[in-house]
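Undergrad: Just dropping this structure here.
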Amino acid sequence: MKTAHDIIRRPIITEDSMARLANKAYTFEVAAGSNKVEIKKAVEELFGVKVAKVNTISMKSKSKRVGYHVGETSEWKKAIVTLKEDSKTIEFFDSMM
């Protein structure tokens with residue numbers, strides 16, 4: 001059985017994800033095999049908030065080159081979680097604004 005910590009791996013801190021904070025949309029890297037329902041329950045359990053919707057994106061691998069050596073980045077899954085209007089914010093992201 002997957003726990004909430006197994007599903008939510010880490011927050012994504014980028015310029016685009018910081019711009020979404022005004023609309024109560026938070027971005028996380030999640031486990032590749034998780035679905036929207038599992039992600040919603042995990043965020044509600046970990047942070048004590050009410051989730052309105054979850055959008056997921058499968059990030060494909062990209063080829064990278066360092067000098068002569070060629071390789072690929074790993075594939076991963078991203079989730080953009082939007083909270084309800086009456087929900088409190090996630091405190092971790094509040095300190096970054």
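The values are calculated or read from the model by the stated rules, or taken from the named source; none is laboratory data. Note that this is a predicted model, so its numbers are computed, not measured. Methodologically, a virtual Cβ is constructed for each residue, glycine included, from the backbone with ideal geometry; neighbour enumeration extends over all protein chains shown. Accessible surface is based on the protein model in full, side chains and every heavy atom, while ligands, DNA and RNA are left aside. Shrake-Rupley method; radii C 1.70, N 1.55, O 1.52, S 1.80 Å.
Undergrad: Would you list the helices (runs of 4 or more DSSP H) that sit entirely within the stretch 1-91 and hold 3 or more residues that are in contact with a strand residue (DSSP E or B) (Cβ under 6 Å, 6 or more places away or on another chain) and modelled with pLDDT of 95 or more? Full working, then the answer.
TA: Details: elements: 4-7, 15-19, 36-47.
Those helices (runs of 4 or more DSSP H) span 36-47.
Undergrad: Here's a check for you: in the stretch 1-18, which residue that is hydrophobic (A, V, I, L, M, F, W, C) and open to solvent by 70 Å² or more (accessible area, probe 1.4 Å) is nearest to residue 79 (Cα to Cα)?
TA: Just the residues of the stretch 1-18 that are hydrophobic (A, V, I, L, M, F, W, C), to begin with: 1, 4, 7-8, 12-13, 18.
Remaining after also requiring open to solvent by 70 Å² or more (accessible area, probe 1.4 Å): 1, 13.
Numbers: 1: 20, 13: 13 Å.
Once the filter is applied, the top-ranked residue is 13.
Undergrad: Kindly indicate the residue of the stretch 34-79 that is surrounded by 15 or more Cβ atoms within 10 Å (Cβ to Cβ) and acidic (Asp, Glu) and also farthest from residue 20 (Cα to Cα) among those meeting that condition.
TA: Filtering first and then ranking leaves 38.
Undergrad: Under 21 Å from residue 95 (Cβ atoms), out of contact with any Pro (no Cβ under 6 Å at 6 or more places or on another chain) and crowded, with 16+ Cβ neighbours inside 10 Å: does that describe residue 25?
TA: The answer is yes for residue 25.
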